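Read-outs: derived from the displayed coordinates by stated rules, not from any lab. Model, not experiment: these values are computed from the prediction. All Cβ positions, glycine included, derive from the backbone under ideal geometry; neighbour counts span all protein chains shown.
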Amino acid sequence: MEQKPLKFSVVVVLYKKSYCDSPSLNSFIGALGEMRAAGFFPTIYVWNNSPGFSPILEHEAVVWLEGENSSLPSIYNHIAKLTFEAGGVALMISDDDTDYSQYDFRGNLKVVRSFLDDERRMDMVGCFIPKVRSAGKLVSPGGRHLFKGYLLEQITSGLVDTKNLLAINSGVLITQACYERMQPLYDERLNFYGTDTDFFFRYEKFFKKIYVFDSLVDHSLSEYAGESLSRALFRWGDHIYAMKVTFSGEGFLCRLALSLYIFYLKIKLSFKYKALSFVFLK
């Protein structure tokens, strides 16, 4: 018996580039047939976060939205609301520069469908994530010691425990059950950096497992690329702010350790960039 197509959304946050130059967006449009073959009816939401840098993409599967440098949590929460209130079963999040050429859309969505059809397994799993590579290194999923993330030597595919697990936002597939339990889905006190750490730190309180696809995607991380001093100050300032917000509800010893770590980090960055400005980051 033929399965009924399920509503499924993708959101690509486009920043200071034309849609033509986004490998993520081009990948999703190119994979529409694969998604449909897996039994999913996809809508691609493009959030142009820098109006004026790109013409509007007119496509039957694309919904074009615009905002001037809107925060990532507000974008993700807005699209999630549109998705799940319209009867969608899952939402996939992506930056504009992630390369999905090695991502098995059809196979991975079939895995998702098998979980959606099994209520017992869906109670354990609210997210599906790919393996992510940046500059030749596997960077996601990773592990966490208190507030500090670290790379894993080996990344297992399939069901993985969520305890002390972190992952990168780009490529994350979120189910309706996850959306309903984790309200708000993303903490809107945050801006751009640290949103993934905060999400997965909270996620482990709601779900015991996460599913890691046996697919590899390439993603550019700014800390591995050359950047200006002003950009580094903005990124690290936002990152430090996010750590304070994420772990503000933890015990006294954890918060004390975080304060000491932030002080150490500021000194280290000041020497690295030869700029005292890092010491005064809030």
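So the values come out like this:
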| read-out | value |
| --- | --- |
| Taking the chain and dividing mean pair separation by its residue count, relative contact order in percent (alpha carbons under 8 Å, at least six apart) | 18 percent |
| Whole-number percent relative contact order across the stretch 126-212, with pairs defined as alpha carbons under 8 Å at least 6 apart | 39 percent |
| Most fluctuating residue given options Lys131, Lys16, Lys209, as computed from a GNM of the chain linking Cα atoms under 10 Å | Lys16 |
| Excluding exposed DSSP-loop GluC sites (Glu not before Pro) (at most 11 other C-beta within 10 Å), longest clean stretch of the chain | 154-282 |
| Angle between the chain longest axis and helix 105-116 axis [Cα atoms, degrees, rounded to 10] | 90 degrees |
| Bridge type composition, the chain - antiparallel percent by DSSP, nearest 5 | 40 percent |
| Contour excess over end-to-end distance, with Cα ends at His145 and Lys274 and 0.36 nm allotted per residue | 43.6 nm |
| Nearest-ten-degree value, helix 252-273 long axis tilted from longest Cα axis of the chain | 80 degrees |
| Centre separation in Å (Cα based) which lies between the stretch 30-75 and the stretch 164-201 | 19 Å |
| 0 to 90° range, to nearest 10: angle between helix 72-85 axis and the chain longest Cα axis | 20 degrees |
| Phe263-Gln154 FRET efficiency (beta carbon distance; Förster radius 41 Å; 0.05 resolution) | 0.80 |
| Cα-based reach from Lys272 at 29 Å (exclusive), listing lysines while leaving out same-chain residues under 8 positions away | Lys16, Lys137, Lys148, Lys244, Lys282 |
| The stretch 155-209 - charge dipole about Cα centre, Lys and Arg +1 at Cβ, Asp and Glu -1, debye rounded to 20 | 200 debye |
| Those chymotrypsin sites (Phe, Trp or Tyr not before Pro) in the stretch 160-261 that DSSP places in a loop and that have at most 14 other beta carbons within 10 Å | Phe206 |
| The stretch 65-169: relative contact order in percent, alpha carbon pairs under 8 Å with at least 6 residues between | 16 percent |
| Mean ellipticity per residue at 222 nm, deg cm²/dmol - from DSSP H runs of n ≥ 4 across the chain, formula -39500 (n - 2.57) | -10500 deg cm²/dmol |
